[in-house]
1. I need the full set of residues from the range A:36-90 which are among the acidic types (Asp, Glu) and within 19 Å of B:PHE333 (Cα to Cα), in order please.
2. In the set A:ALA168, A:ALA172, A:ALA242, which member is modelled with pLDDT of 95 or more, closer than 18 Å to A:ILE139 by Cβ and surrounded by 14 or more Cβ atoms within 10 Å (Cβ to Cβ)?
3. When B:HIS468 is evaluated against the numbered criteria (1) at pLDDT 95 or above; (2) in a helix (DSSP H, G or I), which criterion, by number, is the only one it fails?
4. Which helices (runs of 4 or more DSSP H) sit wholly inside the range B:262-331 and have at least 3 residues that are under 23 Å from B:THR208 (Cβ atoms)?
5. Pick out the one residue from B:THR572, B:THR559 that is closer than 28 Å to B:ILE227 by Cβ, of a type in the set (Ser, Thr, Tyr) and surrounded by 14 or more Cβ atoms within 10 Å (Cβ to Cβ).
6. Can you tell me which residues in the range A:106-142 are part of a helix (DSSP H, G or I), more than 7 Å from chain B (Cβ to nearest Cβ) and either surrounded by 21 or more Cβ atoms within 10 Å (Cβ to Cβ) or among the polar types (S, T, N, Q) (or both)?
7. Here is a list of conditions, (1) touching a helix residue (DSSP H, G or I) at 6+ places or on another chain (Cβ under 6 Å); (2) at pLDDT below 95, and A:ASP142 meets all of them except one; can you say which number that is?
8. Hey, does the range A:163-177 have a residue that's of a type outside the set (Lys, Arg) and over 23 Å from B:LEU145 (Cα atoms)?
Amino acid sequence: MKIRILRNDGSKQWWQEYSEEPHKGATVLDVLLNIRETQDHTLAFRHSCQMGSCGSCGMVINGKPSLACQTRITELKSETIRIEPLYSYPVIKDLVVDLNDFVNKHRSVKPYIIRKNPQELEEAPMEFRVTSRENMNFIQYDYCIMCGLCVAACPTVALDPQFTGPQALAQAYRYIADPRDEGFQERQPELDTSHGVWRCHFAGSCSFVCPKGVDPAKAIQLLKREILKRKFVRGPRAGAPASVLVQPEKPISNPPKAPPLDFKMGVNQNE
Amino acid sequence: MEQLDYDVIIVGSGLAGLRTAIEVLRKDGGKLGIRVALISKLYLMRSHSVSAEGGTSAVLYPEEGDSFELYAWDTIKGSDFLADQDVVWKFVHLATQETRLIERWGVPWNRRDDGRIEQRWFGGLSFPRATYAQDKTGFFEMRALYDTLLKYDAWDRFDEHFVTSLVLDGNKFVGFNTIDLKTGNMRFFRGKAGVIATGGNGQMYRITSTASSSTGDGYGIAYNAGIPLKDMEFVQFHPTGLVPKGLLITEAARGEGAYLKNADGERFMKKYAPSKMELAPRDIVSRSIMTEIREGRGVKDEATGIQHVWLDMTHLGKEKIEQKLPFIREMGFKYVGIDIVNEPMPVRPTTHYEMGGIHTDIDGKVQSLNGPIKGLWAAGEAACVSVQGSNRLGSNGTNECLVYGYIVGNDIYNYISNDKPLLPEVPAGKLEHEQERIFSGILGRESGGEDVYQIKDELKDTMEKYVHVYRTAEELETAVKMVRGLKERYKNIRLTDRGSTFNYNLQHALELGFLLDQAELTSLGALMRTESRGAHARLDYPNRDDEHWLKHTLAVKGTEGPNLSYLPVRITMWKPVARVY
């Protein structure tokens with residue numbers, strides 16, 4: 001079959017075609033690796049874990065932003081495969097794009113647990129009390145592997161480079177929805193702006209391409225709701241922030257035991 | 001060459017590297033104005049720690065019956081008594097603090113109904129103490145650490161910088177030479193303290209659960225600088241790699257009750273570990289699977305001809321699978337086109353973890369044969385402290401990264417605060433020599449015709465065939481000979497890509513150089529060790545031999561290949577006993 005790759009050497013771009021006979025079950029990444037190892041050592045693309053966890057191998061495959069390691073050739077059902085670098089990012093070489101703006105936007109939403117008393121985060125005699133149900137409020141958004149596909153698919157990003165973008169906004173919501181977090185007000189100035197959450201017009205393409213089911217479009221709508229609620233609805237918020245767990249459970253009888261020590265602790269018997 | 005000065009330079013951005021960086025920064029809090037450089041050959045957040053799945057062991061609720069002694073015993077017995085017992089004792093205590101600390105930084109541990117942290121069974125444990133976040137534990141830990149690091153300002157990231165060598169001045173750390181992959185220029189990082197946290201080297205093998213980035217770079221730069229690598233013959237084969245590539249299917253599947261079955265549908269583990277069954281330690285389960293295959297009870301994969309057994313989760317039910325093993329289900333769909341709710345998965349042992357590593361003391365300080373290297377630490381899989389001995393228990397990898405990230409970060413802060421070290425002088429000619437080696441010696445070489453990928457391919461086949469779960473003198477001798485042949489050919493490699501921007505051809509050539517050295521000393525260490533212990537199983541020496549081999553192997557680079565010497569194991573709690581499960 002034919003693999004057409006949009007190559008770029010930093011000054012010009014061109015389509016280059018390769019022929020490959022992939023084995024049954026091969027992924028696009030397998031094919032690219034084989035091209036690089038046997039046909040063209042100069043072809044540049046990122047990859048690492050090969051199992052959809054590290055987010056390195058994002059690229060546009062047959063018009064759709066995808067992870068190469070998770071796209072099987074058979075499911076593409078086409079004789080020619082077209083591969084391009086991710087849209088909306090500056091290209092450095094071939095399929096390698098510049099992610100600086102992407103990681104800076106992620107950082108801009110303060111993506112970490114914020115407590116009114118920061119000491120609570122640094123001293124850990126016990127954990128915060130969080131229920132499985134409260135976990136469910138944010139865990140889906142914590143699946144984000146920072147592959148950047150959502151940004152490549154977003155029509156708003158393409159028109160407004162200042163837009164915070166689906167990845168960063170979804171991460172803002174991940175922390176705001178976490179019962180351990182108290183950082184809404186610190187994050188609000190970055191989010192509650194015309195280039196922030198209000199810029200999203202819910203095209204939904206981010207969620208369509210997300211390989212981990214994060215659903216950034218939904219996160220952004222929930223974020224809008226949360227902002228409006230906190231601005232306009234009076235009264236206590238649903239769910240006070242998580243508190244630190246203190247009470248130990250009752251001891252059990254007959255716990256398993258290690259064998260008795262053979263030596264007085266700290267004496268090396270093998271020197 | 002451009003030179004950048006930092007107080008602390010950390011190479012590697014996985015769990016160990018990130019945890020070290022955070023510890024230095026939070027301990028300092030601006031007091032000393034310490035500045036940290038974090039260097040990765042990948043982008044931050046792409047490190048292979050994200051692929052850790054099953055769990056992170058810690059004693060969380062001792063009132064419910066777990067204890068530090070029990071955890072230490074499990075780890076030491078699991079290590080087949082090669083772990084240093086004083087190290088294990090320190091490690092099991094700190095795991096508790098770390099597991100709770102990263103909870104506060106955002107890790108969504110699975111919870112019980114009352115809001116406490118849920119824990120589960122893992123291989124070789126006497127108590128369910130594997131703390132977990134679904135089956136993406138390492139990933140969530142990475143998210144929490146990466147995001148938490150973004151709170152701090154006193155650090156700079158150097159993504160996609162490949163470290164080519166470690167520069168020492170006698171027994172003192174000076175810095176790291178790197179190639180900035182984006183520009184192709186070399187940059188030298190000079191620092192008061194250096195940390196190697198570059199993970200393992202599973203890419204020596206064909207079937208491996210490791211990322212393509214696991215190429216032993218940290219081992220390589222340390223070895224080339226004359227630092228000993230310890231216990232490199234102990235390579236962990238994870239029992240359940242997904243056929244054909246060997247992608248990781250977490251031990252948590254068995255922790256949640258999955259069965260291993262042979263071609264006859266028999267739960268064969270009853271023959272090998274009647275009390276622990278599928279939850280025996282990894283070395284034992286991997287040997288059991290390979291025995292089944294060798295004795296003709298394996299299943300042949302139609303597409304590839306690879307022999308495997310079945311991992312059967314069909315009796316667990318959809319609900320449990322969705323809550324506790326969602327990623328494994330996703331992998332079933334995406335890579336083999338099956339739903340694990342209804343069908344078993346084809347699995348076989350896959351190279352997973354290097355128990356050995358850079359020789360350090362109990363605080364992660366790097367040691368040479370004649371004393372410590374001042375200002376240099378190692379942490380995580382890159383280091384061999386040794387917590388893991390000859391076989392790491394599942395759920396003891398991520399917490400080693402966290403615990404040693406903490407210990408090393410803390411130790412570095414104390415070093416800078418108490419010893420007030422100055423930036424070291426760079427020994428004359430070192431940087432020019434490195435530039436010459438890379439640009440003229442490798443990139444610009446016009447003679448020779450050997451291909452990087454061809455040699456790497458042959459290396460993988462050699463290791464897969466001759467240095468696997470079961471080993472014999474004959475096979476290991478063959479491996480040493482073949483690897484040495486490949487090393488000779490490596491001297492004649494010629495690169496096709498002569499460009500400067502993202503020249504992966506050059507990066508792969510440098511990685512291959514590291515892997516070849518490590519393949520040599522892994523095979524040689526295994527050949528010399530005439531016993532079976534943990535992950536090192538010799539068919540010609542089937543028993544453990546404490547009289548002669550209760551000791552660590554140290555390999556130092558010599559002119560004619562590695563020079564091996566040995567170091568006694570620190571036995572401070574329990575005498576070695578027969579290891580029965």
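The values are calculated or read from the model by the stated rules, or taken from the named source; none is laboratory data. Everything quoted here is computed from the prediction, not taken from an experiment. A quick note on method: Cβ atoms are made from the backbone with ideal geometry, for glycine too, and the neighbour counts reach across all protein chains shown.
1. A:GLU75
2. Values: A:ALA168 fails: closer than 18 Å to A:ILE139 by Cβ; A:ALA242 fails: modelled with pLDDT of 95 or more.
Criteria check complete, one pass: A:ALA172.
3. Unmet condition: (2).
4. Those helices (runs of 4 or more DSSP H) span B:282-294, B:326-331.
5. Working: B:THR559 fails: surrounded by 14 or more Cβ atoms within 10 Å (Cβ to Cβ).
Checking each option against the conditions leaves just B:THR572.
6. Result: A:HIS106, A:SER108, A:GLN119, A:GLN140, A:TYR141.
7. Status for A:ASP142: all satisfied but (2).
8. Yes; the residues of the range A:163-177 include at least one that is of a type outside the set (Lys, Arg) and over 23 Å from B:LEU145 (Cα atoms).
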